[in-house]
Structure formats: structure tokens, C-alpha cells
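Step one of this worksheet: look at the structure below.
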Amino acid sequence: MSELDHIALQTLNLKIGYKKDDQVRVLFEPLSLTLTKGELVCFMGSNGIGKTTLIKTLAGIHPPISGSITRNFPAAIVLTDKVSGNLMTVRDLVTYGRYPYLNWWLTLTDQDHHLIETAIKKVHLESIANKHLSQLSDGQLQMAMIAKALAQDTNILLLDEPTAHLDLNNRVEIMNLLRSLARETGKTILVATHELDLALQTADKIWLATQHKKIVEGIPEDLVLDGTFDNEFQLKGFDLKTGKVKHTPYRKTLIQLEGSGPEFLWTKNALERNGYEVGPSKTQVTVTFKEGYPEYILSLSGAEVKFESLKDLLIRLKA
């Protein structure tokens, strides 16, 4: 299989934007971008930069100004628009994904029913398939919209801010779902999102829209390490390379920390958040386990004091 066989969508010198009163507003420099089979791509950039317009243009909803888009497979799009029809059920909504393929009498075939039920199962909505949309949480409604797109049985999924206004649990669930769909079904998935932390951990590739009207492509780790994200977002007080908020030590106490695993990392976070600098010192904190629970041992002036919680350790250190 050649490299061309893996291409799902490709643009060549694509210009997108708006025409109004004979005036043309171009959002980006000419774009030559590629989406390949089985990859999850996160499209990122600041508000109003043109992410939704590009998504709609790639889907064929919004006309390009110039250039070309080659879709080797059909595409389905999921927008953030509110769904009307609160009396319809989840299954009704997913069924709408088959409407482009139905005859004049809107008769569902056995194959249509199979694709509808398969989409519901893939998004794990079996338990709420007969619930009305008015009874759903925002997260459940967004999952139902993804299932509707899956029912269209297209090879390309284009999603505009599918995690907007959702809580952390639902955001993680949706991004993990999209990642699994790309891996397991070979679908090509492009997601416009502001979820920087989740995109870095789930995306195969990032499209980063810059203030200079360009879109930079790359894998997440490269864009972090080469400073591309820092240059674009100018994150204030957040260290993207470590994934942590930067803390400035304001106490004159250096603490040596010993341990491993997540307990070590969270202990280090607690110390730095409270103004301590972690490094070589005679004052030492060791994180161990006692009967399956973390224990914190403070070694100071030759004496050891044990604590069962970080709260108690911090109280002692501050004293």
C-alpha cells in the first residue's frame, strides 16, 4: 500500500475566509494540509482565529476562497450547535445520521438499523438510548451527537469543540473515545479544541493556528519541546514541559525529598506550592508506605517524625 493510499483528506493552497461587499477576508495563508487514515488530529488556536471556519470548509459546508480540498472518503461533522427537538430520544437522534442514505419514503433497512445500534454501542449509550434529549446531561448529549455522526458510517469525522462546557470527567471520556475510534476503526478524526492538556496526551498530531495566519503541524511532544506552544500561547505561570504551574519559593527552607511514584510527585507539588524549594538539604522528607497507605517521615536535626497526611507534615514544617 502506497503512502497515497493512507491519505483521507488533503488541501492544496487552500484559502479560507469570508467575502462581504466585494471585500475578502482571508483567515490563513494558503494551507497545504494532510489527514491520514486512523489518526486523531487536534486543531488548536485562540478564540476567533478561524478554527470553526476551517472545519466547516473541510466538510463542504463553507465555500473556500481558492485552492482545493481532496476528500478521498466521505466526511461527517459534529458542531456545537444546540440540538432542538427535546422530545426525541437518543436513538431517534442517532437515526438521523442515516437520513442522507434513505429513499423518498424514509425506509430504514436492516443495514441502517445495524449501523444505528452499532454507533450507540460504540459510544456506550445503550442504557440511555430510549431517554429523551431533554433528560440528558451536556456530556451525554455530546456523546449522542458523536454517535449520530458514527451512524453516517463515514471514514472522516470533523468535530468542532466537542468538549466545550463539559466537566473534566466528560472531557476525558470524549477525548479517550475519539482516540479509541481512530485506533479501532481506522477513521480519521479532526477535533477543534481548546483542551491543551488532553490534546497533548491523546492526539497523534496537532494543527496549531498561529497569530501569523499559519497552521503549524507536528506531533505534540515536538511542539512542546521546540517551544512552538510557548511562543504561541505565551502561557503565564505554567511550565508546559513539566505540565505544572510554576511556583516561586518564598520560604528560606530547602527540603530534600526521597520516594517514588505518584506519592512522590504529589508531595513535591505540595511542598513547592507552599513555598519550599526541593533539593539537597539536611532537612529531609521521605515518602514510604505503611499497610498500603503513604507515610511521611520528616528527618530534622537527627530526629524523625512520622505523619499520616501531607496536611500534618506541612503544619509541622511551617511551625
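The values are calculated or read from the model by the stated rules, or taken from the named source; none is laboratory data. The structure presented is a predicted model; accordingly, all values stated were derived computationally and were not measured. Counting neighbours? That spans all protein chains shown, and the Cβs are built from the backbone with ideal geometry, glycine included. With ligands, DNA and RNA removed, areas are computed over all heavy atoms of the protein, side chains included. Shrake-Rupley method; radii C 1.70, N 1.55, O 1.52, S 1.80 Å.
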- Query: Taking Cα pairs under 8 Å and at least six residues apart, what relative contact order does the chain come out at, in percent?
  - Reply: 16 percent
- Item | Highest to lowest packing among 198-209, 294-305, scored as the average C-beta count within 10 Å | 198-209, 294-305
- Note on the structure: per DSSP, antiparallel bridges as share of beta bridges in the chain, % nearest 5, sits at 60 percent
- Query: Rounded to the nearest 500, what is the chain's calculated 222 nm mean residue ellipticity when only DSSP H runs of at least 4 contribute -39500 (n - 2.57) each, over all residues?
  - Reply: -9500 deg cm²/dmol
- Message: Whole percent per 10 Å bin, from 0 to the bin with the longest distance: what is P(r) over all C-alpha pairs of region 151-234?
- Response: 15, 48, 31, 5, 0
- Query: Residue separation times 0.36 nm, minus the C-alpha to C-alpha distance between residue 13 and residue 312: what's the value?
  - Reply: 101.5 nm
- Two decimals is fine: what's Rg over Rh for region 110-153, C-alpha atoms, Kirkwood radius as Rh? 0.96
- Query: Taking only the alpha-carbon atoms of region 1-110, what semi-axes of the equivalent ellipsoid follow from 5 times the gyration tensor eigenvalues under a square root, in whole Å, largest first?
  - Reply: 29, 21, 14
- Based only on the alpha carbon positions, what is the Kirkwood hydrodynamic radius of region 147-301, in angstrom? 19.0 Å
- Task: Please give, to one decimal in nm, the separation of the simple spin-label points placed at residue 111 and residue 225, each 7 Å out from Cα toward the Cβ.
- Result: 4.7 nm
- Quick one: Cα convex hull volume of region 210-281, Å³ per residue? 106 Å³
- For residue 26, what is the net charge nearby, where nearby means another residue's Cβ is under 9 Å from its Cβ and Lys, Arg count +1, Asp, Glu -1? +2
- Note on the structure: In this structure, among 268/311; 20/214; 246/311; 213/241; 246/268, pairs with alpha-carbon gaps over 19 Å are 20/214; 246/311; 213/241
- Message: For the full complex of protein chains and a 1.4 angstrom probe, list 91, 71 by accessible area with the highest value first.
- Response: 71, 91
- Task: Leaving out ligands and nucleic acids, note down the accessible area per residue over the chain with a 1.4 angstrom probe, in whole Å².
- Result: 56 Å²
- Accessible area of the chain belonging to carbon and sulfur atoms, whole % at 1.4 Å probe: 50 percent
- Task: Over 17 Å, how big is the tail of the calculated P(r) for region 28-83, in percent of all Cα pairs?
- Result: 44 percent
- Query: Going through region 202-286, which GluC sites (Glu not before Pro) have at most 11 other Cβ atoms within 10 Å and a DSSP loop state?
  - Reply: none
- Quick one: which of 52-61, 179-188, 36-45, 23-32 comes out on top by average Cβ neighbours within 10 Å, and what's the full order, highest first? 36-45, 52-61, 179-188, 23-32
- Query: Which three semi-axes in whole Å describe the equivalent ellipsoid of the chain, each the square root of 5 times a Cα gyration tensor eigenvalue, listed largest first?
  - Reply: 47, 27, 17
- Can you tell me how much longer the chain between residue 86 and residue 256 gets when fully stretched, taken as 0.36 nm per residue apart minus their C-alpha distance, in nm with one decimal? 55.4 nm
- Query: Full extension from residue 211 to residue 134: what is 0.36 nm times the residue separation minus their Cα-Cα distance, to one decimal in nm?
  - Reply: 23.8 nm
- Task: May I ask for the net charge around residue 168, where only other residues with Cβ less than 14 Å from the Cβ of residue 168 are counted and Lys, Arg are +1 while Asp, Glu are -1?
- Result: -4
